[in-house]
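See structure below.
Every read-out reported here was derived from the displayed coordinates using simple, explicitly stated rules and does not represent laboratory data. Model, not experiment: these values are computed from the prediction. So basically every Cβ, Gly included, is an ideal-geometry build from the backbone, and we count neighbours across all protein chains shown.
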Ligand SMILES: *Cc1c(COP(=O)(O)O)cnc(C)c1O
């Protein structure tokens, strides 16, 4: 089976991990702050808090922004469940904004309409989490303008968008958001095994997230309730977590980051081949660059033109899998999950999201995909979608 995504680990990555294994520090050593500095440099944010997963980064981001019971977080239904679950960890309510049919990204017009209604009903969100689906940045200028008008905070779920650009800037510089989150899971653009980071330009948010990453503990005398009892002393000021990244992971991440430009150019090269090979069959190729954004191409998701194809979405998906093409489906609308249905969400909540779910198929795309594997994928798609 050709998978839809997989990591690319080379000798340099292995050497970096082995060197850390032989060093004095497996965790809480120098590799994590070093990786954080490299992330700040590459993505042009002032602060980086590296953690055990993007899910942890989303949770800490919500806590740092003060999300609490009684508050609302809005996100896109076409995402991984973690984009919504972070609100539930804080006891807050979730709601979903419908997506644009062509990109699956949060729809600005739908957001605006929903905000107008929410304002009348006194239920404005405290936090909005746009998700850069497949790596294509949402229209962050428009989202930031609405954030200023309606006074909500913005967390970019950029789990897919490591290396993406928006208005010529790297996603992660937080020009239009409070915090940006990346995932370093092995199917994503660069990996640390498990891992994630929260990037921000706000010093207070960064220090809140670092403290919550380590049990809510401080070693800074200035933050303590009284002067330290001695050199051993620390204080737990609030209830935090162990969301640390290890030095082993950070060493792998720093090495992978050096290879990012190669990964991006390889992904874009493969996407150009797909665009070209698939242009004459009844599928929509994904939008991966437009006037304002250039995608990292975490996902290459086609949409079937069902009115022009003899098969159904389900049958096409099953046929591709049975022919060894490990296609994926990103994503099942989050509110259709039993956990969210039990909270009261019903089908048709976001009609565009359900149409997207009924058409999308993610094709294999990763740096080590070979030309012959890609041709095999294309051959099977062309045979099935006709
Ligand atoms: C992968 C992913 C996450 C979660 O990332 P982890 O690092 O696995 O916790 C969150 N949001 C989106 C959109 C993702 O794709």
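Worth a mention:
- Shape class of region 40-149 from the Cα gyration tensor (axes a ≥ b ≥ c, square roots of the eigenvalues): oblate, since a/c reaches 1.5 or more and a/b does not exceed b/c.
- Calculated on alpha-carbon atoms, Rg and Dmax of region 188-267 in Å: 17.0, 56
- The chain: C-alpha gyration tensor shape, a/c 1.5 cut-off, then a/b vs b/c: oblate
- Note on residue 217 and residue 68: with the Förster distance fixed at 22 Å, the Cβ-Cβ geometry gives a FRET efficiency of about 0.55.
- Gain on full stretching of the segment that runs from residue 38 to residue 308 - 0.36 nm per residue minus C-alpha separation: 92.4 nm
- Region 321-386 and region 166-239: distance between their alpha carbon centers, rounded to Å: 33
- For region 75-144, the relative contact order is 34 percent, taking Cα pairs closer than 8 Å that sit 6 or more residues apart in sequence and dividing their mean separation by the residue count.
- Pairwise FRET efficiency - residue 1 versus residue 280, Cβ, R0 = 25 Å, nearest 0.05: 0.40
- Helix-only [θ]222 nm of the chain, DSSP H runs n ≥ 4, -39500 (n - 2.57) each, per residue, nearest 500: -11500 deg cm²/dmol
- Between the beta carbons of residue 120 and residue 204, assuming R0 = 41 Å, the FRET efficiency works out to 0.80 to the nearest 0.05.
- Tilt relative to the chain, helix 203-213 - C-alpha long axis, 0 to 90 degrees, to 10: 90
- Spin-label zone in region 299-335 - amide nitrogen under 13 Å from a point set 7 Å from the Cα of residue 383 along the C-beta vector: 319-325
- Shape class of region 24-99 from the alpha-carbon gyration tensor: prolate, with a/c at 1.5 or above and a/b greater than b/c.
- Averaging Cα coordinates gives a centre for region 110-149 and one for region 244-283; these two points are 28 Å apart.
- Region 1-95 - percent relative contact order, Cα under 8 Å, separation 6 or more: 19
- Relative contact order [Cα under 8 Å, 6+ residues apart], the chain, whole percent: 23
- Separation in nanometres of the label points that stand 7 Å from Cα toward Cβ, at residue 14 and residue 149: 5.5
- Residue exposure sequence - 209, 224 - by fewest surrounding Cβ within 10 Å: 224, 209
- Rounded to 10°, Cα long-axis angle of helix 247-258 versus longest principal axis of the chain: 50
- DSSP beta bridges in the chain [antiparallel fraction, %, rounded to 5]: 65
- Nearest 10 degrees, 0 to 90: helix 31-43 Cα axis against the chain principal axis: 50
- Backbone N within region 67-107 under 16 Å of label point (7 Å from residue 337 Cα along the Cβ vector): 73-97
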